[in-house]
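Presented below is the structure to which this report refers.
Quick note: the coordinates plus some simple rules give every number you see, no bench work behind them. Owing to the predicted nature of the structure, the values given are computational and were not obtained by experimental measurement. Here Cβ is always computed from backbone atoms with ideal geometry, including for glycine, and neighbour counts include all displayed protein chains.
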Amino acid sequence: MIVRAPDERALASPLGRVAPVTKLAIALVWLVGLALVVDPRPPLVVALAAAGIGVAFGGLEPARLARGVAPLLLAAVGVAFFNALFSGSNSNPFAPTAVELGPLRVTQAAALAGLSLGLRILAIATVGVVFALTTDSTALVDSLVVQARVPERFAYGALAAYQAVPRLADDLATLRQARRIRGLRASWHPRILVGLLVLAIRHGDRLALAMDARGFGSGPRTRYRDVRLTWLDGVAVLVGVVVLAGALALAH
């Protein structure tokens, strides 16, 4: 249970200095555009573009980017394989066959649909990992509140919940150590989960009281960090439009 925060090199890069709301909007537009096509080439282009931009302009190491994408890459391969294997078009005797292994038959249409779905998951994973590794969570919430007008109580509450994940890991380690001191097994046990739930409720109660004491949601507030759009945001939007347009052009 580790939250990997972006390093200083990534935050100081040109991509890291782009406003989080701008990057989030580009990512959402990319994903909506990919949902409109079934050709496997557009998601592949988007995935390669996101990885290339992250490495060249986001200060990301290829190894770290690969480690972030690897778990969902396995999921993409599995989804592509099983969707191609159990597609309804495989029962069509007149459809062209792509692969035939004994009683199993995969048509070209099924293989193309499975490949397209797998590459779409890969594109989503790559875009999400590049966004997460080049965006500070606090800056993201500030940008959502200032520029996207997201309610402060919801935005900062979500940030506090996100930052509470490492605390849950510490609580879990403490509960296991307490069981060892009492001579009990420290492996997974329902009582450990109950204790972890109780501690999480207590932390949440303290957080709610702290936010109420600071007046979140009670009216206009001043800003400690001023989030502004710069020329880098304009360049990022232009590059995002070019990448999406080029990717969708391949589908036609």
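Observations
- Prolate/oblate/rounded label for the chain (Cα gyration tensor, a/c 1.5): oblate
- In a reduced charge model with +1 at each Lys and Arg Cβ and -1 at each Asp and Glu Cβ, segment 9-113 shows a dipole moment near 400 debye about its Cα centre.
- Converting phi to 3J(HN,Hα) with the Karplus coefficients 6.51, -1.76 and 1.60 and the offset θ = phi - 60°, segment 190-202 yields x, 5, 5, 5, 5, x, 5, 5, 4, 5, 5, 5, 5 Hz in sequence order, with x at every glycine or proline.
- Per-residue Cβ neighbour counts within 10 Å put Thr97, Thr222 in the sequence Thr222, Thr97, beginning with the fewest.
- Global geometry of segment 92-200, whether rounded, prolate or oblate, following the gyration tensor of its Cα atoms and the 1.5 cut on a/c: oblate
- Around the Cα centre of segment 152-213, unit charges on the Cβ atoms of Lys, Arg, Asp and Glu (plus for the first two, minus for the last two) sum to a dipole of about 520 debye.
- Electrostatic dipole magnitude of the chain [Cβ: Lys, Arg +1; Asp, Glu -1; Cα centre; debye, to 20]: 920 debye
- Anisotropy class of segment 152-213 from Cα gyration tensor, a/c 1.5 cut: prolate
- Ranking of Leu140, Leu207 by neighbouring Cβ atoms within 10 Å, starting from the fewest: Leu207, Leu140.
- Each residue of segment 31-46 was assigned a 3J(HN,Hα) from its phi angle through the Karplus expression (A = 6.51, B = -1.76, C = 1.60, θ = phi - 60°), giving 5, 5, x, 5, 6, 8, 10, 10, 5, x, 6, x, x, 5, 5, 5 Hz with x at Gly and Pro.
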